[in-house]
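Worksheet: the structure to be examined is printed underneath.
The values are calculated or read from the model by the stated rules, or taken from the named source; none is laboratory data. Just so you know, these numbers come straight off a predicted model, no measurement behind them. FYI the Cβ positions are ideal-geometry reconstructions off the backbone, even for glycines, and counts take in every protein chain you see.
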Amino acid sequence: MDYRKAAEEVLAAVGGKDNIVSAAHCATRLRLVIADNDKLDEKALEDIEGAKGTFQAQGQLQIIFGTGTVDKVFEQFIAITGIDASTKDEAKEAAAGKQNVFMRAIKVLSDVFVPIIPAIVASGMLMGIMSAVSYMGTSVADGGAGFFVLDTTTVWWRIASLINACALGNLQILLGFSAAKVFGGNPYLGASLGALLISSDFISAYDASTAIANGTMITLDVIPGLYSIDWIGYQGHVIPILVGVWILCFVEKRLHKVVPEMFDLFVTPLVSVSVAAYLTILFVGPVFVWLENGILGVLQFLLSVPLGLGYIAIGLIYSPSVVTGLHQMYTTIDVGMLASLGVTYWLPIASSANIAQGGACLAVAVKTKSDKTKGLAVPSGISCLLGITEPAIFGVNLPRVKPFVCGMIGSACGALVCYITQLAATGTGVTGIFGILLCINQPIQYIIMFAVAFGVAFGLSFITAKDDDKKGAAKETLPESSPTPEPAAVIGANHTAETICSPMTGACVAMSDVPDKTFSTEVMGTSTAIRPTDGRVVSPADGTVTMLFDTLHAVGITTAAGAEILIHVGLDTVEMGGSPFTAHVKQGDTVKKGDLLIEADLDAIKAAGHDTVTPVIITNTADYAGVKRVAEGTDVSCGDAILELS
């Protein structure tokens, strides 16, 4: 193959050097960030010498050349263009920078929330269950259903209360830690700012309405006679803490550059946290309180708009308001209506929104082939149906955008049912499945609302969700015509029949179950895949380590009999920069079957949002008359036969 010619063809097909923002490569693909996609020559991309397929994903144009080949093409490409080689992280950042402001904001929210989703899923589900049990077990005189006597003083109930309050009650601390990591600052300073903003010295945001009503709100002068603030904490809020942590990280990173090293340890943290705290408490927070009060007034007005148009509008915007934390203030509307009317028309709309987001989330769970996505979407969707939406919104629906919008539409339809049936609740605090207890005088109407909201959101989300979704971003897709290499009629002179053994312990799965089209369509050669239960990666045969990528996520072995094997540990793990991998060999080493090649931290890979499924590819399939899978659908251990070459 003429590698320089391939590089020249790539350059011509992408519209020249001036149309390239950055260039990088991984074990199998050339990864380019393109300035103007309209300048791409799709036909020329398909005809590039040696290319096995092209696709665009997450802002990158990816051209598959295969292991070994991509390195040589990349070298020629850099030599021809004179472009500085980018790291995978730099290419990823460049790709993200091309997205519009809305998509970048969604990405930030996703990056911040995904690591903490397991904590808030568990806390949220238990909180929903306990809220319903507490309501049903409280006496009618105390405002509950009174179906049974509930003793909340037992040690069992108190421990459960601690568990349900743990993550959501301290959400700002988790957000601060996670956001600081995303913004490139010290996560412990971020957590400190989060803790500061929910300090017990503040009046809790949950008690603000009561404090205003009974005259106990604390108001402090910032500029006497001109500007004052209410002394309210930020429980339940998201945007203020993210803005505050961004300020903290902005200051911190610049101080590290100018503060002498001997003072940096105490000066930088002190100044960074102090500046962020003052700006957030004095200006950022109050701005959002002002916006919230204005929006609440508009929402109360919308309830009176004829023909249900106001209900529909509220149904559409309720879930977006959860993103800002505004929903924590909606209790004031419920309380006001209950005081003046004896019922609240607001809570059923809120319930409709929660149910709809749950329906959209569960549709993703049903449609996806990714075990990771399914494992997140199922409990998150159930949590929604119990009244806690944050796990589903931030972990599943919002990052994928379409399910979130489908949930908004389902919510609007459910809200219209609320208007038509004049559905009202006799109390506040419980939504979702158990919200029917607050609408006990109109159970049929509530069930109809539930069915409409859930059904519309589920149906639309199921239709629009991609069944090969991995991470909620645009999936990697290949042209339908991408060819699978055809085996040669005879074995080459240097290639003899042999058995390839499993490099890992786990389940040997069908390639159609691998949620990455590059691997599942076998454009690089006949393959099998292991879903590992252990992170040890061993040599599948006697041979030589011919490729060990710098990020350690993939290793190539050429066997003594001539088979060329690529072991790709996990999907998209190149983005982790080698952090979960430990290499025990280097390129050029001679190895025996069963020798340890790499150790992978599977938990770290999963925590980063990546699938651990490991394709094992015979990249020179064309040199063999046949490559047969012999273990698909079974559990295998290191050393068990998985492929037979003939």
Scanning the range 418-458 residue by residue, the ones that are more than 34 Å from the chain's Cα centre (by Cα) and either without any contact (Cβ under 8 Å) to a residue 24 or more places away in the chain or not assigned by TED's automatic domain parsing to the domain that holds LEU386 (or both) total 4
For residues that are surrounded by 14 or more Cβ atoms within 10 Å (Cβ to Cβ) and assigned to a loop (DSSP other than H, G, I, E, B), tally how many sit in the range 581-594. 5
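Applying the selection to the range 20-48, what residues are acidic (Asp, Glu) and part of a strand (DSSP E or B)?
If the condition is that a residue be acidic (Asp, Glu) and part of a strand (DSSP E or B), then no residue fits.
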Reported set for the range 534-568 where residues are among the β-branched types (Val, Ile, Thr) and touching a residue at least 60 places away in the same chain (Cβ under 8 Å) is VAL537, VAL538, THR546, THR551, THR559, ILE565, ILE567
Go through the range 528-552 residue by residue and tally those that are touching a helix residue (DSSP H, G or I) at 6+ places or on another chain (Cβ under 7 Å) and modelled with pLDDT under 90. 1
Can you list residue pairs whose Cβ atoms sit under 7 Å apart, with the first residue in the range 158-170 being closer than 18 Å to GLY190 by Cβ and the second being part of a loop (DSSP other than H, G, I, E, B) and basic (Lys, Arg)? Count only pairs 6 or more apart in sequence or on different chains. none
For the range 204-232, enumerate the residues that are under 39 Å from the mean Cα position of the chain (by Cα) and acidic (Asp, Glu). ASP207, ASP230
Criterion (outside the structural domain of ARG29 (by TED's automatic domain parsing), part of a loop (DSSP other than H, G, I, E, B) and either hydrophobic (A, V, I, L, M, F, W, C) or more than 26 Å from the chain's Cα centre (by Cα) (or both)) met by exactly one of GLY525, GLY556, GLY578, GLY570: GLY525
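Taking the range 592-641 only, how many residues are over 33 Å from the mean Cα position of the chain (by Cα) and among the aliphatic types (A, V, I, L, M)? Quick ask: steps written out before the conclusion?
Restricting attention to the range 592-641, the residues satisfying the condition of being over 33 Å from the mean Cα position of the chain (by Cα) are 592-595, 620-630, 639-641.
Next cut, among the aliphatic types (A, V, I, L, M) only: 622, 625, 627, 630, 641.
Total satisfying the criteria: 5.
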Matching entry among GLY387, GLY395, GLY375 (being surrounded by fewer than 24 Cβ atoms within 10 Å (Cβ to Cβ), closer than 27 Å to MET130 by Cβ and modelled with pLDDT under 85): GLY375
Any chance you could count how many residues in the range 528-553 are under 12 Å from LEU597 (Cα atoms) and either aromatic (Phe, Trp, Tyr) or under 24 Å from the mean Cα position of the chain (by Cα) (or both)? 3
Given (1) part of a helix (DSSP H, G or I); (2) crowded, with 19+ Cβ neighbours inside 10 Å; (3) not aliphatic (A, V, I, L, M), CYS166 misses just (2)
Could you tell me whether any residue of the range 204-212 is surrounded by 11 or more Cβ atoms within 10 Å (Cβ to Cβ), part of a strand (DSSP E or B) and in contact (Cβ under 8 Å) with a residue 24 or more places away in the chain? no
From the list ILE642, ILE605, which residue is in contact (Cβ under 8 Å) with a residue 60 or more places away in the chain and surrounded by 14 or more Cβ atoms within 10 Å (Cβ to Cβ)? ILE642
